[in-house]
Amino acid sequence: MIALTSDYAGRSTNGDRMADRLGAYITHDSVALEATAPGDLSGLSFATKDLYDIAGHTTGAGSPDWLASHGPAAVTASAVSRLLAAGAHMVAKAQTDEMAFSITGQNAHYGTPVNVNAPGRIPGGSSSGSAAAVAGGLVDFALGSDTGGSVRMPAGFCGIHGIRTTQDRIPTDGVHPLAPCFDTVGWFTQSGALMQKIGQVLLPDYDPGPAPKRFMVARDCFDLLPDDAARALAEAVEQMAGHFADRSEISVSPDGPDKWMPHFRTLQMADIWRTHGGWIEQTKPNFGPGVVDRFAMSATITVDMVADSTIVRDQVRQRLDEILGDDGILCLPTAPGIAPLCETPEGDLDDFRWRSMGLSCVAGLSGCPQINLPLASLDGCPLGLGLIAGRGRDEALLQLASKIAP
């Protein structure tokens, strides 16, 4: 296995792409696309996570073995095409964690993009390059994808906006899958107003609908935080609550949301093995540290485990539907703390990963949209606040972002 590295000094892109000293962009290909028509996004630039197909180019998915065993895509992913048709131009494809199976942003083969807002710390993943490019001002916005936190975590760690959209609302055609039962389209910006503008392009049948009325603080989610992180987020919670007449504190789960995480992991890993097991057994790819262990674990998930976890998933979905209705917003931490240091041992990163998924699984299991708002900091590093709305109420989150963190 190739050793991890965070040395990106002097890396740059070719042609007319912006200089990339952050290691945000892929280096095995040069992919740039002009807008196909004028529109609401005219003049804006974006990067696209290297999971999205671009016609004539091979999607690398953060894996040299995947890149070598696949050919060029025949069709561009529809999400990319919609952005081009709205007037935006694509500058480059962005780095991703290997096979998108991580939330740290560290790729054993291609390196770790730089987190400009938390120097020396991971950018988060798997949409690592997309988040790094936006945080570093290389592009106006960037496409990512979110399965278990792959937009929300890097958005929180890098101090930018990022959304996981309602499950299955935006088509994922032409997007390299990780676990299709949880994969969603997402994006990053530095401003809430631009988040909303992109949503108007990507969300089918965009409809703002009525403004949410109820603001609920997920006390059991905040109880999972260390005291210093909870205190750092308290002001942001109060800032949010000030926009609602009806505020309450609730418990999302009778036993704690972290008890839902093993069920999310079971369903995710089963789907991952269904999707990639055959290729792994045939190709025997050289996965990096951590990733190889998670794929091996995915191969051990049984039918009975999936059946039990499916029952829990349905219960979580019903619970969130009841809590949120059409007018509720649930507030929770995006992550259990600030971004870990790049040199954090793999075992400690695994612990942080599972604690993170104890929070991120709430939206994952329920299928609800969740947005990160960059409203807090701790020790000079970003600390994200998450908001969840009912399924199909992505617009409510985007409106709040535009209003509160424009």
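Given the condition surrounded by fewer than 24 Cβ atoms within 10 Å (Cβ to Cβ) and out of contact with any helix residue (DSSP H, G or I) (no Cβ under 9 Å at 6 or more places or on another chain), answer yes or no: does some residue in the range 99-115 qualify?
yes
Determine if the range 72-89 includes at least one residue that is at positive phi, under 20 Å from the mean Cα position of the chain (by Cα) and either assigned to a helix (DSSP H, G or I) or touching a residue at least 40 places away in the same chain (Cβ under 8 Å) (or both). Don't jump to the end; show me each part of the working.
Kept after step one, since they are at positive phi, are these residues of the range 72-89: 87.
Filter once more, keeping what is under 20 Å from the mean Cα position of the chain (by Cα): none.
No: zero hits.
From the list ARG214, ARG152, which residue is closer than 30 Å to ALA245 by Cβ and surrounded by fewer than 21 Cβ atoms within 10 Å (Cβ to Cβ)?
ARG214
Is it the case that some residue within the range 275-290 is touching a Pro at 6+ places or on another chain (Cβ under 6 Å) and assigned to a helix (DSSP H, G or I)?
The answer is yes; a qualifying residue exists.
In this structure, does ASP271 turn out to be surrounded by 20 or more Cβ atoms within 10 Å (Cβ to Cβ) and either assigned to a helix (DSSP H, G or I) or at pLDDT below 95 (or both)? Walk me through it before giving the result.
Numbers: surrounded by 20 or more Cβ atoms within 10 Å (Cβ to Cβ): yes; either assigned to a helix (DSSP H, G or I) or at pLDDT below 95 (or both): yes.
For ASP271, the condition - surrounded by 20 or more Cβ atoms within 10 Å (Cβ to Cβ) and either assigned to a helix (DSSP H, G or I) or at pLDDT below 95 (or both) - is met.
Does CYS368 fit the bill of being modelled with pLDDT of 95 or more, over 30 Å from ASP207 (Cα atoms), touching a strand residue (DSSP E or B) at 6+ places or on another chain (Cβ under 7 Å) and of a type in the set (A, V, I, L, M, F, W, C)?
Numbers: modelled with pLDDT of 95 or more: yes; over 30 Å from ASP207 (Cα atoms): no; touching a strand residue (DSSP E or B) at 6+ places or on another chain (Cβ under 7 Å): yes; of a type in the set (A, V, I, L, M, F, W, C): yes.
Spelling it out, it is not the case that CYS368 is modelled with pLDDT of 95 or more, over 30 Å from ASP207 (Cα atoms), touching a strand residue (DSSP E or B) at 6+ places or on another chain (Cβ under 7 Å) and of a type in the set (A, V, I, L, M, F, W, C).
Report yes if ALA86 is in contact with a Gly (Cβ under 7 Å, 6 or more places away or on another chain), hydrophobic (A, V, I, L, M, F, W, C), closer than 28 Å to TRP273 by Cα and crowded, with 20+ Cβ neighbours inside 10 Å, otherwise no.
Numbers: in contact with a Gly (Cβ under 7 Å, 6 or more places away or on another chain): yes; hydrophobic (A, V, I, L, M, F, W, C): yes; closer than 28 Å to TRP273 by Cα: no; crowded, with 20+ Cβ neighbours inside 10 Å: yes.
Taking the combined requirement at face value, the residue does not satisfy it.
Quickly run through the range 128-152 and pick out the residues that are among the hydroxyl-bearing types (Ser, Thr, Tyr) and over 17 Å from LEU349 (Cβ atoms).
SER130, SER145, THR147
Where in the range 317-406 are there strands (runs of 3 or more DSSP E), lying wholly inside it, with at least 3 residues that are among the hydroxyl-bearing types (Ser, Thr, Tyr)?
none
Considering only residues that are small (Gly, Ala, Ser) and under 14 Å from THR184 (Cβ atoms), look in the range 366-388 and name the one that is surrounded by the most Cβ atoms within 10 Å (Cβ to Cβ).
Of everything passing the filter in the range 366-388, SER366 is surrounded by the most Cβ atoms within 10 Å (Cβ to Cβ).
The values are calculated or read from the model by the stated rules, or taken from the named source; none is laboratory data. Everything quoted here is computed from the prediction, not taken from an experiment. Because the Cβ atoms are built from the backbone with ideal geometry, glycine has one as well, and the counts that use them run over all protein chains shown.
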